[in-house]
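Engineer: Got a structure here, written out as structure tokens. Questions coming.
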Amino acid sequence: MEAEQVTPPPASVQAYLEGDRFAAGVGIRLLEARAGYAKASLAVTPEHLNAGGRTQGGVLFTLADLTLAAAANAHGTLAFSLSAHIAFLKASGPGDVLTAEARERHLGRTTGYYQIDITNQRDELVATFESSVFRMGKNL
């Protein structure tokens with residue numbers, strides 16, 4: 001099996017996202033970013049669990065949101081989410097390694113639209129997230 005190609009995030013995107021202290025505190029690692037695409041991961045630990053012993057929904061949302069930010073801002077212009085919707089499809093819990101992949105579906109002059117899929121280590125779809133962004137036209 002061929003090793004997966006990984007594109008490190010551009011320095012400007014990496015520096016920008018280092019300011020997201022909440023996502024860093026959750027333990028999210030940005031693996032790859034390029035214009036319109038990003039990948040991030042999270043190893044689920046007991047700190048990520050809700051009262052039912054499953055990954056808390058806000059953790060999944062944060063993983064998707066950081067991945068969205070990387071894909072949208074990798075164009076080099078500041079972009080902020082206008083709306084977001086998440087669908088939780090499969091439970092996850094301690095020991096799971098979750099991977100989020102953001103894909104750009106539309107890029108306009110001032111808006112963008114993204115779909116982010118979160119899968120577990122067995123490549124099972126755990127959640128899907130959709131978001132539109134406003135592109136400010138200001139460099140990162």
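Engineer: I want to confirm something. Restricting to the stretch 66-78 and keeping residues that are assigned to a helix (DSSP H, G or I) and touching a Gly at 6+ places or on another chain (Cβ under 8 Å), which single residue is farthest from residue 90 (Cα to Cα)?
Structural biologist: The extreme case among them is 72.
Engineer: If a residue has to be assigned to a strand (DSSP E or B), of a type outside the set (Gly, Ala, Ser), crowded, with 19+ Cβ neighbours inside 10 Å and out of contact with any Lys or Arg (no Cβ under 7 Å at 6 or more places or on another chain) to count, how many in the stretch 96-114 make the cut?
Structural biologist: 2
Engineer: Can you name the residue in the stretch 41-72 that is among the polar types (S, T, N, Q) and more than 12 Å from the chain's Cα centre (by Cα) and, of all such residues, is nearest to residue 136 (Cα to Cα)?
Structural biologist: 56
Engineer: Continuing with the same structure: Looking at 82, 63, which is the one that is closer than 17 Å to residue 130 by Cβ and outside any strand (DSSP E or B)?
Structural biologist: Only one candidate qualifies: 63.
Engineer: Of all residues being out of contact with any strand residue (DSSP E or B) (no Cβ under 8 Å at 6 or more places or on another chain) and closer than 15 Å to residue 79 by Cα in the stretch 17-34, which is modelled with the lowest pLDDT? Just the residue, please.
Structural biologist: 19
Engineer: Restricting to the stretch 22-60, give me the number of residues that are in a strand (DSSP E or B) and of a type in the set (Gly, Ala, Ser).
Structural biologist: Matching residues across the stretch 22-60 total 5.
Engineer: Just need a number here: residues in the stretch 16-45 that are without any contact (Cβ under 8 Å) to a residue 24 or more places away in the chain, among the small types (Gly, Ala, Ser) and more than 22 Å from residue 127 (Cα to Cα).
Structural biologist: Looking only at that region, the number is 1.
Engineer: I would also like to ask the following. Restricting attention to the stretch 124-140, and to residues there that are modelled with pLDDT under 95 and part of a strand (DSSP E or B), which single residue is surrounded by the most Cβ atoms within 10 Å (Cβ to Cβ)?
Structural biologist: Looking at the filtered set, the residue picked out is 135.
The values are calculated or read from the model by the stated rules, or taken from the named source; none is laboratory data. Remember, predicted model here, so these are calculated numbers, not experimental data. Neighbour counts run over all protein chains shown; Cβ positions are idealised from the backbone, glycine included.
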